[in-house]
Structure formats: C-alpha cells, structure tokens
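Colleague: The structure follows.
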Amino acid sequence: MFASGLSGRVLSRICGVAAASLLVLALGSGAVSAQDAPSGEFTREDIEVRDNLIAAQETLLNVYRCRFGVDIGTVPGGCADGLPNQGFSRPGEFGGTPTLEEIELRDELIAVQESLLNTYRCRFDFEIDTHITPEGCPGQPGSTGSMSPKIVSFESLVLSEGFDGDPPPGLITPTGVSVAVLGVNEGKFVVMTPCGSISTVGAGLPLSGVRVVLDPGHGGSYDVGAVGPNGLAERDLNLTLSYAVLDELSSRGIPAASTRSGHYGSPLSVRAAFADALGAEALVSIHHNGPTYGIGNRPGTEVYVQSVSAQQARADSARLGGLLYQEITEALSGFDNVAWSRVANAGVMRVLSTRGRDAYGMIIHPAVPAVLVEYGYLTNRSEAALFATDEYIRVAAKATANAIEAFLNTDRSGTEPNQRPRVFNPARAPSSCNEVALE
C-alpha cells in the first residue's frame, strides 16, 4: 500500500472502456475543506492528505499529457512511449505549522488541477474518464457525471414497508451501494452509510446468507492507494479485481458481497462492521503494494493475517491466508517475462505495531476471520503492465476464488505463516469521506 496514487482503471483499456474515476471535486459533495476545522486545529495529517492528492493529480495530468501529446513541455523529464519518463509524482515533506492559509492554498490547487483534468478528459473524443466529470462532457451521449455504482433494477428491490419479519442484515441500495441494516423505522430501512452515518432507504436488494465479504482497498477522493508508472491506481485496480472475484464466486454458488461497489470511500471500521453485520465466514481485503523493493523471479505476494496475541496467529485467519497465498502465488508464477518485486520475508505473516497489536485496520477491526492480500507491487513497472491486462484480472480472480472455496468447503491448509511477525507502524488511513447517494 502506498500513500498516494492516481486514477485510471486498467490502462490497457484507456482507449476502449473508460477508466474509473480519480475523484469528484475535492471540495465538493461533503469532502473535507478548510472550513471544517477552526484555525489552529489543523494537523500534519490534514496537510499530508492534501499533498498526496496534489501529487496524485499531477501524475494523472502528466499521464494524460504524454498519452495524448498535449502540453508535453510541462511534464518533468518529458515523455517516453506515451508515459512520463519520471514515473509518478511524490509529495514533498512539510516542515511548517499547519494553518488555515496552508490548507486553503492546497484546496485551491486541488480544484484547479481537477478543472484541468476534466478539460483533458472532455477534449479527447470521450476516450477516457469522461463519465466522472461533473455533469459529463458537452455532447457526450448518456452523460450523467454520477459517482454512484450501477443502478439496481427496481423490479428486484424489496420494499421496507412490505418486509415481513426481521430486516436483512444488509442491503444493496437502489444506487448499488452496499450498506448494513440497523433496523426498520416508519416504513424505511435504517442503514449505516459508507461514511458511518445513519440514514434511511425505502428499498434495496437484501443481503442475507452472505458467506464472503470482499474489501476493495482504498477508494474515494482522498484515498487512491498505490499508483503504477503507467497511471494505474490501486483504488481502481482493487475494485476491478473485486468485481471479477464476486463473479467467480457467484458462478460457484458462493454468496458474496463487497464493502464498496463504486468509486467512493469508507472508513476501515465501517467496512469491518459491514462484514460483521452480515455474519460472513471470511473477509478478504484486496490490495496491490508499493513502493518497489528488490527485483526477483518470484511473485512478492504478501498475505497478512489476524493475531490472537502478540505470540500467536488466529487459526482460521491463518488458514484462509495460507490458502490465498498458495493459490495466488502459484497462479501468478505462470506469467512469463515479469520482473517481480519481493522482500525477503514475503509470505503469510502477521504485521504488528510497536505496541504488539495487529497493525492494519482491516485485520484488527473485524470479528470475522479476515486477511489482507497484497497481490503484488503496482509501483513496479513490470508488474503494473501485467496488472493492466484482462488476463491478470481473470487469473487472479480465479486463484482467489479457489482459495476461498477451499477455505469454506474443505479442511485443506495452505502455506504456513512466517514464524516471526513483521513490526511496522503504518500511516493512518485518510479520515475524509464523501457521502454518496443511496437511492
């Protein structure tokens, strides 16, 4: 996982299927702005989140410039083969005091960058990302500018007022958003939104009997994750892969759901609570790693599992993680001519903070057996090129489903966890969250 990133779904489809979104306007639709905190209460995290986003947007601007041959003179180092020579931009170190002026300066730059991004998106014959521009592009057929997931057919919806008995533990709302159901009140389902607020919806597709919850890591305007030299964003790659795994599980008769189904963010605690509310038997958080380390001839896949103590792994989480590592690394090893990034202790492992607790939120928060999978290193040019292909999505999804099916339906074990935990204090996940329409 990496602190900054940019948009672009599978980049090989850049001139075919439109790429997924980078963001809505950073100051719109409920995003955190400089007015949300009194002067003097800003933190270095507030600066860091904005600087990461500025670097991510600058990278995407440079990808557009190189891909379409426009404003190339503004790209540091120039372009080669349609991509920026210097890869992705990195945020600078902030050594000052967080102030309202510093925040406002960054928010203004974010808005200017987004305006230029939308100009590029609309300029090139609607080839890329035009579906995420506010109100779409002039003259674009069927443009909605919506950040919501695919609309659910109303013929399939269950109305809360006609619901007999206890409500389902979860719903897919009419706009395709996955939510936990807290109850029914005055003819409405009371639900927890992706940002952790309480809201109501009148109808939805019930989520009952779900055995597996997938968690496409990152999401939303302020949390794009790692970014590849080819402009592929982890946030979007994770979502693409989760769609494919859901399809694969469905074909095997395994009921599954996802913590997010579109281009919006959600706090880790809310994602974990969603899986727990559904009573899932397994939670798999999907990620792609960064930065790049040493290069070798074996995939550097890492699977993080839960602990019961500083000395011992949780058995069901470790078994799930071992199966995933075994299936994924075997499948990825079948790809030729890939220079893999890998650290020496890659494998199935526990990652503990210096306080002796599980370090990652999607490991420590869920009560259900949970793992976090880093399939490979998106920041590595060779792997990023692979991850941008349909074949990678197909192979990785099948391997993931194979492992999940074995975990649910057999007593098979996979790779054993490393005996020695890794000690690491990850950066805090961005706390900003944009609410999305539920119906």
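A short reminder: the numbers here are calculations on the coordinates, not readings from a lab. Computed from a predicted structure; not experimentally measured. Virtual Cβ from ideal backbone geometry, glycine too; neighbours counted across all protein chains shown.
Colleague: By what distance, in whole Å, do the Cα atoms of region 305-344 stretch along each of the three principal axes, largest value first?
Modeller: Principal extents (Cα only, largest first): 41, 19, 9 Å.
Colleague: A follow-up question, please. Stretched out fully, how many nm does the piece from ASP71 to GLU186 gain, at 0.36 nm a residue minus the Cα gap?
Modeller: Between ASP71 and GLU186, full extension yields an extra 35.8 nm.
Colleague: Here's something else I'd like to know. To one decimal place, what Kirkwood hydrodynamic radius in Å is obtained for region 241-345 from all pairs of distinct Cα atoms?
Modeller: Across region 241-345, the inverse of the average 1/r is 16.1 Å.
Colleague: Using a Förster distance of 25 Å, how high is the FRET efficiency between GLN312 and SER269, based on the Cβ-Cβ distance and rounded to 0.05?
Modeller: 0.55
Colleague: Compute the Cα gyration tensor for region 320-439, then decide on rounded, prolate or oblate, letting a ≥ b ≥ c be the square roots of its eigenvalues: rounded whenever a/c is under 1.5, prolate when a/b is larger than b/c in the other cases, and oblate in all that remain.
Modeller: Rounded shape, in that the Cα axes give a/c under 1.5.
Colleague: To continue, here is another question. Apply the a/c threshold of 1.5 to the C-alpha gyration tensor of region 351-398 and tell me whether it is rounded, prolate or oblate.
Modeller: Oblate, because a/c is 1.5 or more while a/b does not exceed b/c.
Colleague: Starting with the highest mean, order 273-286, 72-85 by the number of other Cβ atoms within 10 Å, averaged over the residues of each peptide.
Modeller: 273-286, 72-85
Colleague: How far is the Cα center of region 57-73 from the Cα center of region 256-327, in Å?
Modeller: Between the Cα centres of region 57-73 and region 256-327 lies a distance of 34 Å.
Colleague: Compute the distance in nm between two label points, each set 7 Å from the Cα along the Cα-to-Cβ direction, one at GLU101 and one at TYR243.
Modeller: The modelled label-to-label distance comes out at 4.6 nm.
Colleague: Which FRET efficiency value, to the nearest 0.05, do you get for ALA80 and ALA339 by plugging their Cβ-Cβ distance into 1/(1 + (r/R0)^6) with R0 = 22 Å?
Modeller: Rounded to the nearest 0.05, the efficiency is 0.75.
Colleague: Right, here's the next one. Rounded to the nearest 0.05, what FRET efficiency do SER250 and VAL112 have when you use their Cβ-Cβ distance and R0 = 45 Å?
Modeller: 0.55
Colleague: Based on the mean of other Cβ atoms within 10 Å per residue, sort peptides 324-334, 388-398 so the most packed one is first.
Modeller: 324-334, 388-398
Colleague: At a 10 angstrom cut-off on C-beta neighbours, averaged per residue, how do the peptides 51-63, 299-311, 257-269 rank from highest to lowest?
Modeller: Put in order of decreasing packing, that is 51-63, 257-269, 299-311.
Colleague: Continuing with this model, one more query. Treat each spin label as a single point 7 Å out from the Cα along the C-beta direction, and report the THR354 to ASP166 distance in nm.
Modeller: Distance between label points: 4.5 nm.
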